[in-house]
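Contents: one structure, followed by commentary.
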Amino acid sequence: MAVGLQALPVLHPISGIRLGVTAAGIRKSQRRDLVVIENAPGTVVAASFTKNRFCAAPVTVAREHLAKT
């Protein structure tokens, strides 16, 4: 966890969005390191990306997917 970052006391449900987490062994054993997000049909979402030329692969993939919509 980031320094000074505190867990939310309550995570309220959001209509049209389902979340799931699991320990997939990607980073450390027995640590929840994978999240799956399902958006119901018709769900509207927004994104904000870094302007840095050097960004992580997930940012690049998300930008490419967004450009196709």
What does the extension gain come out to for LEU5 and ALA67, with contour length at 0.36 nm per residue minus their alpha carbon separation?
19.1 nm
Given (i) 28, 18, 9; (ii) 21, 21, 11; (iii) 23, 20, 14 as possible values of semi-axes √(5λ) of the Cα gyration tensor in Å, the one from the coordinates is (iii)
FRET efficiency (THR22, ALA47; Cβ distance; R0 30 Å; to 0.05) is 0.80
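All of the numbers you see were taken from the coordinates with simple rules; none came from a lab. Small disclaimer: the values here were computed from a predicted structure and weren't measured. Note that each Cβ is placed from the backbone with ideal geometry, even for glycine, and that neighbours are counted across all protein chains shown.
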